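Trainee: Shown below is the structure under consideration.
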Amino acid sequence: MPRPIEVHKVAIESVTDASGLAKLIDDGVFAADDVLAVIGKTEGNGGVNDYTRILADRAFREVLAAKGNRSEASVQEVPLVWSGGTDGVISPHATVFAYAPVGRYEPTDEPRVVVGVAMSEPIRPEDIGRPAMVEKVADGVRAAMKAAGITDPADVHYVQTKTPLLVLETVNDAKARGFDVWTEDTLKSMDVSNSTTALGIAVALDEISMPSAEQIHRDLSLYSSVASCSSGVELDRAQIVVVGNARGVGGRYRIGHSVMKDALDADGVWAAIRSAGLDLPERPHSDDLDGRLVNVFLKCEADPTGRVRGRRTVMLDDSDVHWHRQIKATVGGVTAAVTGDPAVFVSVAAVHQGPSGGGPVAAIVAAD
C-alpha cells in the first residue's frame with residue numbers, strides 16, 4: 001500500500017551543501033531511511049564534464065548514510081537526479097521526496113501525491129538512441145508505477161529520469177565488443193539519451209506506440225507530456241522517479257502537469273499549477289500562489305525552426321554560447337517570473353519531451 005509523501009524544496013548554498021536535507025531530517029519532517037528520491041539543480045556547466053552533479057550526489061548520500069540505518073549499497077540505490085546548469089536566475093536547489101512518518105496523515109479520498117522509484121536494466125553504450133533503450137526505460141517506468149500504486153497512466157503527471165550518456169571510454173568499450181554507437185559526439189549523446197528515454201516513458205504510459213529506430217530523435221511529432229529526462233556520466237542505468245496522484249493514501253500534496261508550447265509560454269506554467277489543484281484568478285500573479293507551490297519541473301528545447309512566435313532567433317547559430325545554456329536561462333527567467341522564486345527546476349535537451357520548441361511542466365502544490 002502506498003504511503004503519504006512529504007515533498008520539500010531546499011536551497012543548495014555551495015557545491016557540496018546538503019545542510020537543507022540534514023535539517024529536514026533533524027527536524028523530524030521525515031527520516032533519512034524514508035527518503036525516496038531527490039531531484040535537483042547544480043551550478044556547473046550542464047555538460048558532459050559537469051562534475052558538480054557528482055559532488056552534490058556525494059554530499060546528499062553522505063547525509064543519508066550518516067543519519068540513517070541503510071546499508072551503503074542501499075544508500076547508493078536511492079535515485080538522486082541532478083541536472084547541471086543554473087544559467088540566468090535559476091538558483092541551485094533540491095526537491096526531496098520522502099515517506100511521511102507513519103500516522104501523520106489520515107487516508108483521504110482526495111487525490112494526493114504518490115511516488116514510485118525504479119532502476120532499469122543496465123543500458124549499454126550501443127543501446128543509447130536505439131529501441132533497446134526505449135524498451136528498457138519503458139519496463140522501468142512500469143515498475144516505478146507499480147511501486148507507487150498507480151494503475152492508470154492518466155494519474156502519472158511527472159516522470160523524472162537520469163540516464164547514461166556517452167564518453168570516450170564507453171564509446172571505445174562498445175567498439176571493442178564489436179558494436180557501433182548512435183553518435184561519437186559526447187555532448188550530442190546527452191540529447192539523444194534524453195530523447196530515447198522520453199520515448200520509453202511515452203510507450204510505458206500509452207502516449208505512443210513503440211517507435212521505429214528511424215523515428216528516435218527524428219520524428220518530433222512523437223513526445224511525452226510528462227517526461228523530464230536528464231543524463232550524465234555518473235550511472236549506467238536509468239534512474240526513474242514516477243510522481244502521480246492516488247486516492248485513499250492521504251498527505252498534503254497534489255501534482256498536475258501541462259506543456260509550454262514555446263519558450264515564452266508562461267500560461268503553460270500556470271496551467272500546470274491549476275492542474276495540481278490551485279484555484280487561481282483568470283490573470284494570476286505570483287502572490288496568488290500564497291506559498292502553496294512547492295516547485296515546478298520543466299524541460300525546454302531551442303525551437304529547431306530558429307523562430308519563436310514568428311521572430312527569428314540565433315541561439316542555434318551561436319558558436320560562443322551553446323544553445324543549451326541560452327534556452328535554459330530564457331525558460332528559467334519566464335518560469336521564475338511566474339512563481340516569484342528563482343529556485344525552479346529547468347532542464348534542457350527536451351526532444352520528445354513536450355511539443356517541439358516547448359516542453360512539459362509539472363507542478364506540486366500543498367493541497368491544504
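Trainee: Name every residue in the stretch 212-236 that is open to solvent by less than 60 Å² (accessible area, probe 1.4 Å), at pLDDT 95 or above, assigned to a loop (DSSP other than H, G, I, E, B) and of a type in the set (A, V, I, L, M, F, W, C), in order of residue number.
Mentor: Within the stretch 212-236, ILE216, LEU222, VAL226 meet the criteria.
Trainee: Only one residue in GLY310, GLY277, GLY332 is under 20 Å from LYS9 (Cβ atoms) and more than 18 Å from the chain's Cα centre (by Cα), so which one is that?
Mentor: Exactly one residue qualifies, and that residue is GLY277.
Trainee: A follow-up question, please. Looking at the structure I just gave you, is ILE327 among the aliphatic types (A, V, I, L, M) and in contact with a Cys (Cβ under 6 Å, 6 or more places away or on another chain)?
Mentor: yes
Trainee: Report the residue count in the stretch 76-86 for those that are more than 23 Å from GLY116 (Cβ to Cβ) and open to solvent by 20 Å² or more (accessible area, probe 1.4 Å).
Mentor: Residues in the stretch 76-86 being more than 23 Å from GLY116 (Cβ to Cβ) and open to solvent by 20 Å² or more (accessible area, probe 1.4 Å): 1 in total.
Trainee: Tell me, please, whether a residue that is assigned to a strand (DSSP E or B), surrounded by 22 or more Cβ atoms within 10 Å (Cβ to Cβ), of a type in the set (S, T, N, Q) and in contact (Cβ under 8 Å) with a residue 12 or more places away in the chain can be found in the stretch 188-211.
Mentor: Looking for residues that are assigned to a strand (DSSP E or B), surrounded by 22 or more Cβ atoms within 10 Å (Cβ to Cβ), of a type in the set (S, T, N, Q) and in contact (Cβ under 8 Å) with a residue 12 or more places away in the chain, one finds none in the stretch 188-211, hence no.
Trainee: Could you please tell me which pairs satisfy a Cβ distance under 7 Å, a separation of 6+ or placement on different chains, a first residue in the stretch 257-285 that is closer than 23 Å to VAL159 by Cβ, and a second residue that is open to solvent by 40 Å² or more (accessible area, probe 1.4 Å) and part of a loop (DSSP other than H, G, I, E, B)?
Mentor: ASP262/ARG309; GLY268/LYS261; LEU278/ARG292
Trainee: Out of everything in the stretch 109-123 that is assigned to a loop (DSSP other than H, G, I, E, B) and more than 25 Å from ASP180 (Cα to Cα), what residue ends up being most open to solvent (accessible area, probe 1.4 Å)?
Mentor: So, considering only residues that are assigned to a loop (DSSP other than H, G, I, E, B) and more than 25 Å from ASP180 (Cα to Cα), the one most open to solvent (accessible area, probe 1.4 Å) is ASP109.
Trainee: Ok, one more. Are there any helices (runs of 4 or more DSSP H) wholly within the stretch 1-91 with 1 or more residues that are farther than 20 Å from VAL242 by Cβ and touching a strand residue (DSSP E or B) at 6+ places or on another chain (Cβ under 8 Å), and if so which?
Mentor: 19-26, 52-67
Trainee: Now a separate question. Within the stretch 217-228, is even one residue hydrophobic (A, V, I, L, M, F, W, C) and in contact with a strand residue (DSSP E or B) (Cβ under 6 Å, 6 or more places away or on another chain)?
Mentor: Yes, the stretch 217-228 has at least one match.
Trainee: Regarding the stretch 341-353, can at least one residue be identified that is more than 19 Å from the chain's Cα centre (by Cα), assigned to a loop (DSSP other than H, G, I, E, B) and of a type in the set (Gly, Ala, Ser)?
Mentor: Scanning the stretch 341-353 turns up no residue that is more than 19 Å from the chain's Cα centre (by Cα), assigned to a loop (DSSP other than H, G, I, E, B) and of a type in the set (Gly, Ala, Ser).
Trainee: Moving to a separate point now. Let me spell it out: the conditions are (1) crowded, with 19+ Cβ neighbours inside 10 Å; (2) over 19 Å from the mean Cα position of the chain (by Cα); (3) farther than 30 Å from VAL167 by Cα, and PHE97 meets all of them except one. Which number is the exception?
Mentor: All conditions are met except number (2).
Trainee: Say whether the condition of being under 17 Å from LEU199 (Cβ atoms) and either in a loop (DSSP other than H, G, I, E, B) or of a type outside the set (Phe, Trp, Tyr) (or both) is met by at least one residue in the stretch 169-183.
Mentor: Within the stretch 169-183, one or more residues are under 17 Å from LEU199 (Cβ atoms) and either in a loop (DSSP other than H, G, I, E, B) or of a type outside the set (Phe, Trp, Tyr) (or both).
Trainee: Out of the residues in the stretch 158-168 that are within 20 Å of the chain's Cα centre (by Cα) and part of a loop (DSSP other than H, G, I, E, B), state the one that is surrounded by the most Cβ atoms within 10 Å (Cβ to Cβ).
Mentor: That would be LEU166.
Trainee: For the stretch 53-75, which positions are closer than 30 Å to ILE327 by Cβ and open to solvent by 20 Å² or more (accessible area, probe 1.4 Å)?
Mentor: The answer is ILE54, LEU55, ASP57, ARG58.
Trainee: What's the total number of residues in the stretch 124-149 that are open to solvent by 10 Å² or more (accessible area, probe 1.4 Å) and either assigned to a loop (DSSP other than H, G, I, E, B) or small (Gly, Ala, Ser) (or both)?
Mentor: So the answer is 6.
Residue by residue, here is whether (1) in contact with a strand residue (DSSP E or B) (Cβ under 8 Å, 6 or more places away or on another chain); (2) free of Cβ contacts under 8 Å to residues at least 12 places away in the same chain holds:
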| site | (1), (2) |
| --- | --- |
| VAL296 | yes, no |
| THR305 | no, no |
| ARG311 | no, yes |
| GLN326 | no, no |
| THR335 | yes, no |
| VAL344 | yes, no |
| GLN353 | yes, no |
| GLY359 | yes, no |
| ALA367 | yes, no |
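Trainee: With respect to VAL346, determine if the residue is within 17 Å of GLY268 (Cβ to Cβ), in contact with a Leu (Cβ under 6 Å, 6 or more places away or on another chain) and among the β-branched types (Val, Ile, Thr).
Mentor: Yes, satisfied.
Trainee: For the stretch 1-40, enumerate the residues that are under 19 Å from the mean Cα position of the chain (by Cα) and open to solvent by 20 Å² or more (accessible area, probe 1.4 Å).
Mentor: Scanning the stretch 1-40 gives HIS8, LYS9, ALA11, LEU36.
The values are calculated or read from the model by the stated rules, or taken from the named source; none is laboratory data. Here the structure is a predicted model, which is why all the values come from computation and not from measurement. A quick note on method: Cβ atoms are made from the backbone with ideal geometry, for glycine too, and the neighbour counts reach across all protein chains shown. Calculation scope for accessible area: heavy atoms of the full protein, side chains included, ligands and nucleic acids excluded. Shrake-Rupley method; radii C 1.70, N 1.55, O 1.52, S 1.80 Å.
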